[in-house]
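Encoded as structure tokens, the structure appears first; notes follow it.
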Amino acid sequence: MSTTMTLRDGTEEWVSRCYFPTEERLASLGIAIGWVDEQGNAIDRVPDRLNHPYAVLSPDGHVWVSCPLFATGFEELSLKDALTLGFTTSEYQAGIRHRLLTSELLQTEEGLMAEQIAPRDEAEAICREGVFTDWDEPSEARRVPYPCEQDFEGYEIVGWVDDTPLDRLRSEYLVRDLSSDEVRPSEVYLCDVGIESLSIEGALRLGFSTSEYHAALRTRILERRHIQDEEDLLTSVYPPIEVRSGLDDHGRDCSYRLGQGELWRHDDWNRNAPMRAWLQRVGRPESEKSDRPTMSTAF
């Protein structure tokens, strides 16, 4: 779904729900250097990071000044750029998540802070995530993730147990307990907990690219599942055009109940065939809650 929104400076901007950054696109934009003031001078801190431009070193060696994030969104910030500009993992994911759920760009620091807080009840979840929220779903993978920085404290990712794993989604990685300095295997696989469960630093240490990290978060939110293997990851980074369009149009609603909903309507059967095939190509967690009537039936 694409919408026209009014930005904080009063301009109108056409915003699509889904953005599919490729490594080639991100490389062509350059590398974030740091914040600048209105005169283009480097500064360490800014009062509102979404309302300040930042300097970028382009591939040809020139430095240019970007538009503020309220106008461009977080999608063209690489993982390293986000760290350079002082964004935490929870903030970075919040900026991406908000667009996937609402087809809008966050405009202020206050909005960014509010987006990091998980819905308090089903009514709020419906407002923020849509009617088919799965807010009370026991299956963790089917819920929208709202990580907080405390989730990443107390440990750090060291690297892989095997130096060159054949499938990163199905390999153990090494974790250091910062209180004891003990290094141990993760005892979990990323196909079960998600690449999106990693901090930015952890994802970089394990060799995941920005486009792969975005693909994992987008798949978790819109398709209600984790990426399962390297092939799944490769195709999810930049799906076929019919799927990109379908994810943009239907958002999270497409994966609520396979076999039900707009994708399975007879009058749109052929048009939605690519999306149905896409959603059914990989195993996914089934809903563990009953289909009892909820508040959503009143909407």
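Do you know which residues across region 86-110 are surrounded by 17 or more Cβ atoms within 10 Å (Cβ to Cβ) and within 20 Å of Gln150 (Cα to Cα)? Passing the criteria: Phe87, Thr88, Thr89, Ser90, Glu91, Tyr92, Gln93, Ala94, Gly95, Ile96, Arg97. One residue alone among Glu212, Glu201, Glu196 is at pLDDT 95 or above and in contact with a Lys or Arg (Cβ under 6 Å, 6 or more places away or on another chain), and that residue is Glu196. Every condition in (1) buried (at least 16 other Cβ atoms within 10 Å of the Cβ); (2) closer than 25 Å to Ser78 by Cβ; (3) touching a strand residue (DSSP E or B) at 6+ places or on another chain (Cβ under 9 Å) holds for Glu172 except the one numbered (2).
Restricting attention to region 14-21, does a residue exist that is touching a strand residue (DSSP E or B) at 6+ places or on another chain (Cβ under 7 Å), closer than 18 Å to Pro68 by Cα and free of Cβ contacts under 8 Å to residues at least 12 places away in the same chain? No, that holds for no residue.
Every residue, every condition in (1) part of a helix (DSSP H, G or I); (2) aliphatic (A, V, I, L, M), yes or no:
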residue: Val56; (1), (2): no, yes
residue: Asp60; (1), (2): no, no
residue: Glu75; (1), (2): no, no
residue: Leu106; (1), (2): no, yes
residue: Pro119; (1), (2): no, no
residue: Ala123; (1), (2): yes, yes
residue: Asp136; (1), (2): no, no
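Within region 41-60, residues that are closer than 24 Å to Ala27 by Cα sit with their Cβ atoms under 9 Å from residues that are basic (Lys, Arg) and in a loop (DSSP other than H, G, I, E, B), at 6+ positions apart or across chains, in these pairs: Leu50/Arg8; Asn51/Arg8. Report yes if some residue within region 148-162 is in a loop (DSSP other than H, G, I, E, B), within 19 Å of the chain's Cα centre (by Cα) and not assigned by TED's automatic domain parsing to the domain that holds His98; otherwise report no. Yes, region 148-162 contains a residue that is in a loop (DSSP other than H, G, I, E, B), within 19 Å of the chain's Cα centre (by Cα) and not assigned by TED's automatic domain parsing to the domain that holds His98. When each of Leu217, Leu178, Leu233 is tested for being hydrophobic (A, V, I, L, M, F, W, C), closer than 18 Å to Tyr92 by Cα and either surrounded by fewer than 16 Cβ atoms within 10 Å (Cβ to Cβ) or in contact (Cβ under 8 Å) with a residue 40 or more places away in the chain (or both), the lone residue that passes is Leu217.
The values are calculated or read from the model by the stated rules, or taken from the named source; none is laboratory data. Every value quoted in this text rests on a predicted model; they were computed, and no experiment measured them. Cβ sites come from the backbone with ideal geometry, for glycine too, and all protein chains shown count toward neighbours.
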